[in-house]
Amino acid sequence: MLIEERAVTDPELTALLITQQRELAQADGGLDGAVYPLHDDAEYLVVVLDGRAVACGAVQRLDGDVAELKRMYVRPAYRGRGIARNLLTALEEYALAGGHTTLRLETGTYLPAAISLYRSSGYRPIPVYGEYVGNPYSVCFEKRLPVPA
């Protein structure tokens, strides 16, 4: 498994993000309907297996030492292999290397597997923030990253 940084303009990353948005639209049964724009200032990591981009996620600076995890996605055929957990760890390390000591994220109430991953990885529920305020399907989490001694 290779995890590497990719530009927001990378065609394989773009394909992952389009697929993610389509899947989210189906997962919420048309209830949520929220579409959040891509942020050009987010820094993306992509998981590559056998030469194919199969997962992605991003870190975007919010304020000071706080960043947000965005666009976590694993293609369905590659789920259940620990890829999301490995990617999450890589994103946390990437954020910490970038000077971020706190990570926040938003996910949907209709994504129990994502919620379980974040909870089991040490993320704690927080009030809905930023662009997610007012969306009844948003749930937000936060984690203080362990700073190396």
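The values are calculated or read from the model by the stated rules, or taken from the named source; none is laboratory data. Since the structure is predicted, the reported quantities are computational estimates derived from the model, not experimental observations. Neighbour counts are summed over all protein chains in view; Cβ atoms, including those assigned to glycine, are modelled from backbone coordinates with ideal geometry.
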Task: residue 65, sole failed condition from (1) touching a His at 6+ places or on another chain (Cβ under 6 Å); (2) under 21 Å from residue 18 (Cβ atoms) - done: (2)
TODO: Looking for whichever is over 13 Å from the mean Cα position of the chain (by Cα), of a type in the set (D, E, K, R) and modelled with pLDDT of 90 or more here; the options are 65, 40, 32. Which one fits?
DONE: 65
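Only one of 104, 71 is outside any loop (DSSP other than H, G, I, E, B) and more than 20 Å from residue 25 (Cβ to Cβ). Can you tell me which? Even if it seems obvious, please write down each step before you answer.
Working: 71 fails: more than 20 Å from residue 25 (Cβ to Cβ).
Going through 104, 71 in turn, just one is outside any loop (DSSP other than H, G, I, E, B) and more than 20 Å from residue 25 (Cβ to Cβ): 104.
The rows are residues; the columns are (1) in contact with a helix residue (DSSP H, G or I) (Cβ under 7 Å, 6 or more places away or on another chain); (2) of a type in the set (Lys, Arg); (3) in a strand (DSSP E or B); (4) in contact (Cβ under 8 Å) with a residue 40 or more places away in the chain.
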position: 57; (1), (2), (3), (4): yes, no, yes, no
position: 91; (1), (2), (3), (4): no, no, no, yes
position: 100; (1), (2), (3), (4): no, no, no, yes
position: 114; (1), (2), (3), (4): no, no, no, yes
position: 117; (1), (2), (3), (4): yes, no, no, no
Open item on the list: Looking at segment 135-149, can you tell me whether even one residue there is crowded, with 16+ Cβ neighbours inside 10 Å, part of a helix (DSSP H, G or I) and either out of contact with any Asp or Glu (no Cβ under 9 Å at 6 or more places or on another chain) or in contact (Cβ under 8 Å) with a residue 24 or more places away in the chain (or both)?
Closed with: no
